[in-house]
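The values are calculated or read from the model by the stated rules, or taken from the named source; none is laboratory data. This one's a predicted model, so the numbers in the text were calculated from it and none came from an experiment. No Cβ is skipped: glycine too gets one built from the backbone with ideal geometry, and neighbour counts run over all protein chains shown.
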C-alpha cells in the first residue's frame with residue numbers, strides 16, 4: 001500500500017514574528033501589549049522571539065486587543081507546530097536508513113505493498129505507512145519485544161530474517177482486514193476438512209479461491225502471497241482480531257508441499273488454536289521439531305496420506321520397474337486413499353532422492369500464485 005502524498009510547504013513562520021510586525025504597525029510596545037492582555041511581559045517576549053507558543057487563551061486575549069480573530073493566531077501556531085514536527089520526522093527518516101535497508105523492499109514494491117522508489121527516505125516513509133507506525137522503534141516493540149496485547153503479539157526475536165517475516169505478517173493483517181467473516185467455529189472447521197481434501201484431489205485452476213471461500217465459512221481468513229527472500233516460510237497460523245489467519249506462500253511452488261503445509265497450519269488451528277499462539281512453518285529438521293510441530297505434521301499426514309498407507313504404496317511401487325507401471329500404481333493408490341498423486345510422489349521422493357534424476361519430481365504440478373490468481377480473477 002502506497003503512502004498518500006500531499007503538498008507540504010517547506011517553511012513556516014512562527015506567529016510571534018507576525019505579532020511583532022503588527023505591534024510595530026500599531027506602535028504598541030511589548031510591555032504595553034502585556035499589560036493590555038494581562039499576560040506577563042516575559043511570556044510575550046518569548047512569543048515574539050519564537051520561543052513559546054500562543055495558547056487558545058492567549059489567542060482570545062489577543063483578539064480583543066488587536067481585533068484579529070483568535071482563529072488566525074491558532075491556525076498560524078498550528079501550521080508552525082506541524083512544520084516543526086514534520087522537520088523532526090524528516091530527520092528521523094534520514095537517521096532510519098539502516099533500518100529501512102533491512103527489508104526486501106524491491107520484492108515488497110513488486111507485490112504492490114509499497115511504492116517503488118530508490119530514495120531511502122521515501123522507502124522509510126513507505127515502510128512506516130505499511131506498518132502503520134510512526135518510527136522504527138515501534139516496529140521493534142511490536143515484532144521483537146512483543147509490545148502489543150496478547151491476542152496481537154508476535155515474537156520474531158529468534159527469526160533469522162525478522163524484517164521480511166514481519167512484512168509477510170503485516171500483509172496478512174491487511175488482507176484479513178478486507179474480509180468479512182463469521183465468528184470462528186471449530187466444529188465447522190471439522191466439517192469442512194473433507195471438503196478441503198476434495199479440493200486438493202480435484203485440482204482445478206480455481207483451487208485457491210475454493211480454499212479461501214470454504215475456510216471463510218468457518219470464520220478462517222486464508223491469505224496467499226509470494227514468499228520473500230530468506231524467510232523460508234511455507235505458511236503461518238495466527239490470530240488477528242478474533243479470527244484465525246492462515247498465510248500461505250508458494251515457496252518451492254510444489255503442489256504436494258503446498259497442501260502439506262496448508263493442512264499442517266489447519267492442524268495447528270484445530271489442535272493448538274489458542275489466540276495467543278502463532279506458528280511459523282519454516283524449514284526445520286525433523287529432529288528439531290517440538291511436540292506441537294510434530295502433532296501438526298501428524299494431522300496433515302492423517303488427512304493427506306498416513307504412514308501406513310504410504311508403506312502400502314511403497315511396497316507395490318518398488319516391485320515395479322517400468323516408469324508407466326509405477327505411475328499406474330501411484331494413480332491407483334491415490335484413488336484408493338482419496339488423495340492426489342502428487343502427495344504420494346512427494347512422499348516417495350522424500351523417502352528416496354534417487355528418484356529425482358529419473359524425472360519423478362516433474363510429475364508434481366507447480367503452484368504458481370501469479371498464474372493461478374490471474375486465472376481465477378479472469379473467471
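Search region 268-282 for residues being assigned to a helix (DSSP H, G or I) and in contact with a strand residue (DSSP E or B) (Cβ under 9 Å, 6 or more places away or on another chain), and hand back the single one that is farthest from residue 194 (Cα to Cα).
Among residues in region 268-282 that are assigned to a helix (DSSP H, G or I) and in contact with a strand residue (DSSP E or B) (Cβ under 9 Å, 6 or more places away or on another chain), the one farthest from residue 194 (Cα to Cα) is 272.
Quick one: residue 105 ticks every box in (1) surrounded by 16 or more Cβ atoms within 10 Å (Cβ to Cβ); (2) in the same structural domain as residue 129 (by TED's automatic domain parsing); (3) at pLDDT below 95 except a single one, so which number is it?
(3)
Within the group 309, 376, 335, which residue is at pLDDT 95 or above and touching a helix residue (DSSP H, G or I) at 6+ places or on another chain (Cβ under 7 Å)?
One residue alone meets the criteria, 309.
Residues of region 229-263 being under 20 Å from the mean Cα position of the chain (by Cα) and in a helix (DSSP H, G or I), which ones?
Passing the criteria: 251, 258, 261, 262.
Filter region 199-228 for residues that are in contact (Cβ under 8 Å) with a residue 24 or more places away in the chain and part of a helix (DSSP H, G or I); which is nearest to residue 164 (Cα to Cα)?
208
Among the residues of region 42-63, write down those that are farther than 16 Å from residue 17 by Cα and either in contact with a helix residue (DSSP H, G or I) (Cβ under 8 Å, 6 or more places away or on another chain) or surrounded by 14 or more Cβ atoms within 10 Å (Cβ to Cβ) (or both).
56, 60, 61, 63
I need the full set of residues from region 93-102 which are surrounded by fewer than 15 Cβ atoms within 10 Å (Cβ to Cβ) and over 17 Å from residue 166 (Cβ atoms), in order please.
94, 95, 97
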